[in-house]
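Report on the structure given below.
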Amino acid sequence: MTRLRRKALVALFLFTLFIFGAMMGLRTLKPSDGFSDLAPGIDFIGERSDRRRLDVKDVAASPGHFHMGSSDTKVVFTKSDRDYSIFYDVHIFYYLWYGSPSMDNKYIHWDHVLVPHWDPKIAASHAQGRHTPPEDIASSFYPELGPYSSRDPKVLESHMAQIEAAAAGVLVLSWYPPEVADDHGEPTEDMVPAVMDAAHRHSIKVAFHIQPYKGRTDQSMHDNIKYIIDKYGKHGAFYRFRSSTGRVLPLFYVYDSYLMPPESWAELLTTKGSHSIRGTPYDGVFVALIVEERHKHEIHASGFDGIYTYFASNGFSFGSSHQNWKAIKTFCDANNLLFIPSVGPGYVDTAVRPWNNHNTRNRVNGRYYETSLQAALSVRPEIVTITSFNQWHEGTQIEKAVPKKTVTRLYLDYQPNQPDHYLELTRQWAENFNKEKDKWLM
């Protein structure tokens, strides 16, 4: 009996000691410790609906050439039930070229033509013509919002909410100069202010993905950059990137950059160029597309600051092949370049290129996406790009899609998963990416 009483007293003493130690530990915590991974200088900017929002500088970095703490790359939201973040080192390609009769008096891009193969013999064995929305659209999947207009404010708001849910902090906007459009669409530059405003409401930043157009030269690119910075540079959603020198510069992706020779790009992107933007108010971080292996040398000679891969079809090109990313990253590190791999949930463009089935990459309920994301993380990039939010023609979208069957079409879908499956996967991997980056920097 005495032994039992002694044991009880010892247990009580240890429990009391534990409680005392825990209380002292809690007293030593600073109020900010719960957010120790945030950038310095973050302040509350007010309440919106049921959450309080923390603002953060819209910057990211890469080892060597661009470097800063990974904590500067996200904004944290506090809800009553949980904390969650969006990350400014996760960029997602976004397209603004869709139209519908209710907003545009006609369908745009949803009625895309079936592009014929360049070999007449192959072209003859495939369907021709164009799609006829709303039942027959130029995609193998069907959007939850239907064949929408990019001009619709409700669509924009839904898109920004979905991108926020996916934790992608930077929307990379496919951009053409005023009055210029792609071969199958209409000019979209007048819609950019609405995109900027909608993005800003969700603390999403906007970078520009400059597309090729007839007559694109180093001089026209100079004019384009000046136009973008002059018009949008002061907007709260305009994305800038911090370099190792402390400069905070706009970041531009340049699609099909290889169409111009290095000598022309050097006139714009090197300090000795005839109309160089270096060291001027129009300087920036310029990221070029790599398709073939030789492009990496051309990109370096051109004066670009980085390389991205864009295509979501593993094996389609040298740049999009996961097995080559380590070598590209090594080249970039050796030459002070930023390497930005692009990942996607799958690829299927046979709704617009019916002869291109050999480049289809099945989603396998998200496993293809996860394999791509893991391949990207394995090379320790500073930024990852997602192809895409809404490139429906090529089936790379993570936007919500729904099952759809018509008399003539049976669309692919995300089942057995829900329409937001790829948004959720993106958030999970964005959070994992940032946890891994914290380890890399330790």
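The values are calculated or read from the model by the stated rules, or taken from the named source; none is laboratory data. Since the structure is predicted, the reported quantities are computational estimates derived from the model, not experimental observations. So basically every Cβ, Gly included, is an ideal-geometry build from the backbone, and we count neighbours across all protein chains shown. Just the protein is used for accessible areas: all its heavy atoms, side chains included, with ligands, DNA and RNA removed. Shrake-Rupley method; radii C 1.70, N 1.55, O 1.52, S 1.80 Å.
General remarks:
- Scan of segment 285-298 for residues that are open to solvent by 10 Å² or more (accessible area, probe 1.4 Å) and among the hydrophobic types (A, V, I, L, M, F, W, C), ordered by number: VAL291
- Of the residues making up segment 119-133, one or more are modelled with pLDDT of 95 or more and surrounded by 18 or more Cβ atoms within 10 Å (Cβ to Cβ).
- Taking segment 395-423 as the range and being open to solvent by 50 Å² or more (accessible area, probe 1.4 Å) and without any contact (Cβ under 8 Å) to a residue 60 or more places away in the chain as the test, the residues that pass are LYS405, LEU410, GLN415, PRO416, GLN418.
- Restricting the first member to segment 115-138 and to residues that are over 11 Å from TRP355 (Cα atoms), and the second to residues that are among the β-branched types (Val, Ile, Thr) and open to solvent by less than 30 Å² (accessible area, probe 1.4 Å), the beta-carbon pairs closer than 8 Å and six or more apart or on different chains are HIS131/ILE137; GLU135/THR406; ASP136/THR406; ALA138/VAL352.
- Of the candidates ASP333, ASP305, the single residue that is open to solvent by 30 Å² or more (accessible area, probe 1.4 Å) and under 15 Å from GLU382 (Cβ atoms) is ASP333.
- When ARG247, ARG240 are screened for being under 16 Å from VAL285 (Cα atoms), at pLDDT 95 or above, charged (D, E, K, R) and open to solvent by 30 Å² or more (accessible area, probe 1.4 Å), only ARG240 passes.
- Condition check for GLY273: outside any helix (DSSP H, G or I), at pLDDT below 95 and out of contact with any strand residue (DSSP E or B) (no Cβ under 9 Å at 6 or more places or on another chain): no
- Whichever residue in segment 81-118 is among the hydrophobic types (A, V, I, L, M, F, W, C) and within 25 Å of ALA166 (Cα to Cα) and, among such residues, is most open to solvent (accessible area, probe 1.4 Å): TRP97
- Hits in segment 215-232 - residues which are within 19 Å of ASP256 (Cα to Cα), out of contact with any helix residue (DSSP H, G or I) (no Cβ under 7 Å at 6 or more places or on another chain) and open to solvent by 30 Å² or more (accessible area, probe 1.4 Å): GLY215, GLN219, ASP223
- SER203 being touching a helix residue (DSSP H, G or I) at 6+ places or on another chain (Cβ under 9 Å) and not in a helix (DSSP H, G or I): yes
Results for (1) over 19 Å from the mean Cα position of the chain (by Cα); (2) under 20 Å from ILE386 (Cα atoms), shown as yes or no for each residue.
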{"site": "SER274", "(1), (2)": "yes, no"}
{"site": "LEU289", "(1), (2)": "no, yes"}
{"site": "GLU293", "(1), (2)": "yes, no"}
{"site": "GLY315", "(1), (2)": "yes, yes"}
{"site": "PHE318", "(1), (2)": "yes, yes"}
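- Check on ALA161, closer than 23 Å to PHE433 by Cα, surrounded by fewer than 22 Cβ atoms within 10 Å (Cβ to Cβ), of a type outside the set (Phe, Trp, Tyr) and under 15 Å from the mean Cα position of the chain (by Cα): yes
- Of all residues making up segment 174-223, the number that are without any contact (Cβ under 8 Å) to a residue 24 or more places away in the chain and of a type in the set (Gly, Ala, Ser): 1
- A single member of ASP190, ASP182 is in a loop (DSSP other than H, G, I, E, B) and acidic (Asp, Glu), and it is ASP182.
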